[in-house]
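Let me begin by presenting the structure, written as structure tokens, before commenting on it.
The values are calculated or read from the model by the stated rules, or taken from the named source; none is laboratory data. Everything numeric in this text was worked out from a predicted model, so none of it was measured. Neighbour counts are summed over all protein chains in view; Cβ atoms, including those assigned to glycine, are modelled from backbone coordinates with ideal geometry. Quick note on the areas: whole protein, heavy atoms, side chains included, nothing else; ligands and nucleic acids left out. Shrake-Rupley method; radii C 1.70, N 1.55, O 1.52, S 1.80 Å.
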Amino acid sequence: MKLKAGQDPAEIAEAQEAFRNLNCPGTLSYAVGDDVGLREGNWSFAIVADFKDADSYRAYDLDAEHNRARARLAPMAEQIARVQFQLP
């Protein structure tokens, strides 16, 4: 996620914590982290989630708490990129 300039760090932290507190069935691992600034031009933070299977991801995508967290964060976002891929 790339945040809009001038966002309140406390609000961002609270929104990120809402994602960390999700407990969706089939979630194997879930991490939310700010960019550590090792390269110029990176985005603000990322969420990396690993799910048991595609159905678990789909349930997460439709989860009410997840969608409330999304809605809270969306006004702060300049850009959001999403990628789903399967691990070998």
Just to be sure, is Glu40 part of a helix (DSSP H, G or I) and of a type in the set (Asp, Glu)? no
State which residue pairs qualify: first residue at negative phi and inside the range 62-74, second residue among the hydroxyl-bearing types (Ser, Thr, Tyr) and open to solvent by less than 50 Å² (accessible area, probe 1.4 Å) in any location, beta carbons under 8 Å apart, and separation of 6 or more residues or different chains. His66/Tyr60
For the range 43-78, name all the residues that are open to solvent by 70 Å² or more (accessible area, probe 1.4 Å), in a helix (DSSP H, G or I) and more than 20 Å from Glu14 (Cβ to Cβ). Asp55, Arg58, Leu62
Output the number of residues of the range 51-64 satisfying the condition of being more than 9 Å from Gly26 (Cα to Cα) and not hydrophobic (A, V, I, L, M, F, W, C). 3
Please enumerate the residues belonging to the range 15-53 that are under 14 Å from His66 (Cα atoms) and of a type in the set (Asp, Glu). Glu17
Would you be able to tell me the number of residues in the range 14-42 that are of a type in the set (A, V, I, L, M, F, W, C) and either open to solvent by 50 Å² or more (accessible area, probe 1.4 Å) or in contact (Cβ under 8 Å) with a residue 60 or more places away in the chain (or both)? 5
With touching a helix residue (DSSP H, G or I) at 6+ places or on another chain (Cβ under 7 Å) and among the basic types (Lys, Arg) as the only criterion, which of Arg58, Arg68, Arg72 stands out? Arg72
Return yes when Arg82 is free of Cβ contacts under 8 Å to residues at least 12 places away in the same chain and charged (D, E, K, R) and no when it is not. yes
Count of residues meeting criterion [outside any helix (DSSP H, G or I) and open to solvent by less than 60 Å² (accessible area, probe 1.4 Å)] in the range 1-13: 3
